[in-house]
1. Just give me the residues in segment 31-64 being modelled with pLDDT of 90 or more and closer than 21 Å to Asp135 by Cβ, in sequence order.
2. Filter segment 133-143 down to the residues that are surrounded by fewer than 20 Cβ atoms within 10 Å (Cβ to Cβ) and either of a type in the set (D, E, K, R) or touching a helix residue (DSSP H, G or I) at 6+ places or on another chain (Cβ under 9 Å) (or both) and list them by number.
3. Identify the single condition in (1) part of a helix (DSSP H, G or I); (2) in contact (Cβ under 8 Å) with a residue 12 or more places away in the chain that Lys84 does not satisfy, given that it satisfies every other one.
4. Of the residues that make up segment 74-87, is at least one modelled with pLDDT of 95 or more, closer than 14 Å to Gln44 by Cα and under 12 Å from the mean Cα position of the chain (by Cα)?
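The values are calculated or read from the model by the stated rules, or taken from the named source; none is laboratory data. Predicted, not measured: the structure shown is a model, and the values here were computed from it. Here the Cβ positions follow ideal geometry from the backbone for every residue, glycine too, while neighbour counts run over all protein chains shown.
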Amino acid sequence: MKHHALAALAGAALAGAALLALATGCDGKVGQCNALIKVINAAQAKVKVRTATDASTMTQAADDVEVAAKDVAGAEVALPELKKFRDDYSQLLVAMGKTMRDAGAATTSADLGKLTASAKDLSKAAAAASKLTADINSFCQGK
């Protein structure tokens, strides 16, 4: 597996998880949904899709993801459902950052087994991000 595929997969996971802001309201559920979605989208914009060819590039990508995780964790929402979505999304980003660091270390050591495991973990994260995005949108749209 090529090293750059890991960072591209991580970027795709985040890009695939982009959320659409709702067009109306600023109070209650809709306003809180919009606030969370805005923070998630801004955090995703900070995470650049990178082609990782070395450990330092993978580490920088991990740094970006971890900053995004902190931004999402700081989103102020009051509804319990949105708090859970916020926390789950932040934890997902933290896990992705760790996986990217592990992939960087595996790149340095040329450990194909660890690279393969990292790719699988990022693939699982992409699926989790897609499901979480759908859940947030469903909740926010009242479905």
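1. Those that are modelled with pLDDT of 90 or more and closer than 21 Å to Asp135 by Cβ: Gly31, Gln32, Cys33, Asn34, Ala35, Leu36, Ile37, Lys38, Val39.
2. Step one: list which residues in segment 133-143 are surrounded by fewer than 20 Cβ atoms within 10 Å (Cβ to Cβ), which gives 133-135, 137-139, 141-143.
Within segment 133-143, Thr133, Asp135, Asn137, Phe139, Gln141, Gly142, Lys143 qualify.
3. (2)
4. Looking through segment 74-87, at least one residue is modelled with pLDDT of 95 or more, closer than 14 Å to Gln44 by Cα and under 12 Å from the mean Cα position of the chain (by Cα).
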